[in-house]
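The values are calculated or read from the model by the stated rules, or taken from the named source; none is laboratory data. All of these numbers come straight from a predicted model, not from anything done at the bench. Heads up, the Cβs are rebuilt from the backbone with ideal geometry, glycines too, and the neighbour counts pull from every protein chain shown.
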Amino acid sequence: MQLHDKFPTVSAPETGRKAVQLTNLPGYNYPLYYFIPSITRDQRYLIFHHADQGEVQLHRLELSSGESVQITNATSPDTHWYPWCVDKGSGVLDHRSVLNQKRQEVIYFDGPDVRCVALESLSERLLFRLPDSRMAIGQNCVTPDGQWFIYIHHDRDIFINQMMAGQHAPRHSRCLSRGTVLAAFHLDTEEHRELVRINSPIHHVLPFDNEHVVFCHPATENGMLWTSLEGGWYTHLRTQDTGGGSVCHYLATDAGLAYEVLGSAAGVYAGLYNPFTHRRFEFKLPEYFGYTHTGWDPQGRLWFFENQQRGSKRSAQTREVGHIHDMYFLAVHDPEGGDIWVRLTGTWPTYGGGQSSHFHTQVTPDRQWILFTGGDPHDSQSNQLFLLDISDLPETQGIPSV
């Protein structure tokens, strides 16, 4: 991946590991979502959200030149991703945009309008419009072959009634829904398909391959659900065990579905799951791990994690600290208890709240860096995008195939 020499380098706190700062815009800068790609396959462009002054839009950063260009001019008055983020005002619907790596396009929602922008020419077209009775509520995706846009929508009226009644607390059992639809749109034929209809919110969907997708969560517990592009059915994958704990975040890799298990009295676990055979492997994470996000390596060869604590710092000079993070890499898993861990960063704060204050860790296509969101070390006010150097890391050893 060719990087312009204008990008400054910083040292990760406590570890001194090299990081390259890609953005320096005010406010909050963060990738599309860490379940799906934000860097084009040719490694030329990074697509990211920029949120500031009551507006959120998408930008295209050319990595070889350092040139950043705003690529959307959305005007939706309500971009908030309820209940998982914080209100940022108008613009694109937050966290619901998708990079189509195959076609070099970005799909985004401007309210009910689903639009597509070409990354080279920046020309736009309207794909379709949601009915007035529906609203987009989840993080979306495209299939790896670039053919299908998979998205989530549900009933607008029941959502508005919930909001008026103050029933939008971020717990699945409190998030009511009626007829939530996991839908697919073919980008050539313009065929619309209803894959799943369920009386429960759906918060994320990601492709496993060109024929199957994984989505979440049932209304009463976290978990992974599985269906195909044929539609009309779904099944549960790893659900809550007798001993407690359930899947929170999960990622599609060449090795299977990588995930972490939270809420267990025994601690935090990580796992790998084969959705075709239902074989799985799980192992316990260190006792000092709290609220955890499994990092995304699309090849499934590097196991790394974001460990997160709540921050409470506030002053007249700085924004509220949203989270305090650090990042760890598992070099060797030893089933006898001798795991070898490498701390990649010390405590690195982010600012604000919601999803835009997470690290969103993902391995870049050249496998030399981890892309993540961190607080700007120079101004203590904004979140910026960084690349953390991992060129020295070997593949994780000791994780069996499933």
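Name the single residue, out of those in the stretch 364-386 being crowded, with 23+ Cβ neighbours inside 10 Å and not aromatic (Phe, Trp, Tyr), that is farthest from the chain's Cα centre (by Cα).
Among them, the one singled out is GLY375.
Specify which of the listed residues (SER90, SER133) is surrounded by fewer than 18 Cβ atoms within 10 Å (Cβ to Cβ), among the hydroxyl-bearing types (Ser, Thr, Tyr) and either out of contact with any helix residue (DSSP H, G or I) (no Cβ under 8 Å at 6 or more places or on another chain) or within 23 Å of ASP188 (Cβ to Cβ) (or both). Show your work before the answer.
On the way: SER133 fails: either out of contact with any helix residue (DSSP H, G or I) (no Cβ under 8 Å at 6 or more places or on another chain) or within 23 Å of ASP188 (Cβ to Cβ) (or both).
Residue meeting the stated conditions: SER90.
For every residue, the table says whether it meets (1) of a type in the set (S, T, N, Q); (2) touching an Asp or Glu at 6+ places or on another chain (Cβ under 9 Å); (3) farther than 14 Å from TYR34 by Cα.
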site: VAL342; (1), (2), (3): no, no, yes
site: THR347; (1), (2), (3): yes, yes, yes
site: SER357; (1), (2), (3): yes, no, no
site: THR361; (1), (2), (3): yes, yes, no
site: GLN368; (1), (2), (3): yes, yes, yes
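Residues GLU55, GLU14: which one is in contact (Cβ under 8 Å) with a residue 60 or more places away in the chain, farther than 20 Å from GLU120 by Cβ and out of contact with any Phe, Trp or Tyr (no Cβ under 6 Å at 6 or more places or on another chain)? Spell out the reasoning first.
Values: GLU55 fails: in contact (Cβ under 8 Å) with a residue 60 or more places away in the chain.
On inspection, the qualifying residue turns out to be GLU14.
Working carefully through the options LEU126, LEU63, find the one that is touching a Lys or Arg at 6+ places or on another chain (Cβ under 7 Å), free of Cβ contacts under 8 Å to residues at least 24 places away in the same chain and of a type in the set (A, V, I, L, M). Talk me through it step by step, then tell me what you get.
Numbers: LEU63 fails: free of Cβ contacts under 8 Å to residues at least 24 places away in the same chain.
After ruling out the rest, the residue left standing is LEU126.
How do the strands (runs of 3 or more DSSP E) wholly within the stretch 76-133 filter down when requiring 2 or more residues that are within 19 Å of the chain's Cα centre (by Cα): which remain? Quick ask: steps written out before the conclusion?
On the way: elements: 98-100, 105-110, 113-118, 124-129.
So the answer is 98-100, 105-110.
When you look at HIS378, is it outside any loop (DSSP other than H, G, I, E, B) and without any contact (Cβ under 8 Å) to a residue 60 or more places away in the chain, yes or no?
Working: outside any loop (DSSP other than H, G, I, E, B): no; without any contact (Cβ under 8 Å) to a residue 60 or more places away in the chain: yes.
Criteria not met by HIS378.
Is it true that HIS360 is in a loop (DSSP other than H, G, I, E, B) and surrounded by fewer than 16 Cβ atoms within 10 Å (Cβ to Cβ)? Explain how you work it out, then say what you get.
Values: in a loop (DSSP other than H, G, I, E, B): yes; surrounded by fewer than 16 Cβ atoms within 10 Å (Cβ to Cβ): no.
No, not satisfied.
Restricting the search to the stretch 37-58, which residues are surrounded by fewer than 19 Cβ atoms within 10 Å (Cβ to Cβ), within 22 Å of GLY146 (Cβ to Cβ) and not acidic (Asp, Glu)?
Once the filter is applied, which keeps residues that are surrounded by fewer than 19 Cβ atoms within 10 Å (Cβ to Cβ), within 22 Å of GLY146 (Cβ to Cβ) and not acidic (Asp, Glu), the stretch 37-58 yields ARG41, GLN43, ARG44.
Quick one: HIS49 ticks every box in (1) part of a loop (DSSP other than H, G, I, E, B); (2) touching a helix residue (DSSP H, G or I) at 6+ places or on another chain (Cβ under 8 Å); (3) not aliphatic (A, V, I, L, M) except a single one, so which number is it?
Evaluating HIS49 over (1) part of a loop (DSSP other than H, G, I, E, B); (2) touching a helix residue (DSSP H, G or I) at 6+ places or on another chain (Cβ under 8 Å); (3) not aliphatic (A, V, I, L, M) leaves (1) as the failure.
Could you give me the residue pairs with C-beta distances under 7 Å whose first residue belongs to the stretch 76-97 and is closer than 15 Å to TYR33 by Cα and touching a residue at least 24 places away in the same chain (Cβ under 8 Å), whose second residue is buried (at least 24 other Cβ atoms within 10 Å of the Cβ) and aliphatic (A, V, I, L, M) wherever it lies, and which are 6+ apart or on separate chains?
Pairs found: VAL92/VAL56; ASP94/VAL56; SER97/LEU32; SER97/VAL106.
Test each condition in (1) in a strand (DSSP E or B); (2) modelled with pLDDT under 95 for ILE370 and report the one that comes out false.
Every condition holds for ILE370 apart from (2).
From (1) touching a residue at least 60 places away in the same chain (Cβ under 8 Å); (2) within 26 Å of LEU206 (Cβ to Cβ); (3) of a type in the set (D, E, K, R); (4) touching a strand residue (DSSP E or B) at 6+ places or on another chain (Cβ under 8 Å), pick out the condition that doesn't hold for ARG41.
(4)
Inside the stretch 101-121, can you point out the residues that are among the β-branched types (Val, Ile, Thr) and either within 11 Å of ALA74 (Cα to Cα) or surrounded by fewer than 20 Cβ atoms within 10 Å (Cβ to Cβ) (or both)? Walk me through it before giving the result.
Taking the stretch 101-121 and keeping what is among the β-branched types (Val, Ile, Thr), we get 106-107, 114, 117.
Once the filter is applied, which keeps residues that are among the β-branched types (Val, Ile, Thr) and either within 11 Å of ALA74 (Cα to Cα) or surrounded by fewer than 20 Cβ atoms within 10 Å (Cβ to Cβ) (or both), the stretch 101-121 yields only VAL114.
For the stretch 294-305, indicate whether the set of residues that are more than 16 Å from PHE35 (Cα to Cα) and either at pLDDT below 95 or among the hydrophobic types (A, V, I, L, M, F, W, C) (or both) is non-empty.
The answer is no, given that none of the residues of the stretch 294-305 is more than 16 Å from PHE35 (Cα to Cα) and either at pLDDT below 95 or among the hydrophobic types (A, V, I, L, M, F, W, C) (or both).
When you go through VAL261, VAL247 one by one, which is the residue that is without any contact (Cβ under 8 Å) to a residue 24 or more places away in the chain, buried (at least 20 other Cβ atoms within 10 Å of the Cβ) and out of contact with any His (no Cβ under 8 Å at 6 or more places or on another chain)? Steps first, answer last, please.
Details: VAL247 fails: without any contact (Cβ under 8 Å) to a residue 24 or more places away in the chain.
Going through VAL261, VAL247 in turn, the sole match is VAL261.
List the strands (runs of 3 or more DSSP E) inside the stretch 198-291, counting only whole elements, that have at least 2 residues being out of contact with any Asp or Glu (no Cβ under 6 Å at 6 or more places or on another chain) and of a type outside the set (A, V, I, L, M, F, W, C). I'd like the intermediate steps shown before the answer.
Values: elements: 204-207, 212-216, 225-228, 244-253, 256-264, 267-273, 280-284.
Correct list: 204-207, 244-253, 256-264, 267-273, 280-284.
Keeping to the stretch 4-57, report how many residues are modelled with pLDDT under 95 and hydrophobic (A, V, I, L, M, F, W, C).
Total satisfying the criteria: 1.
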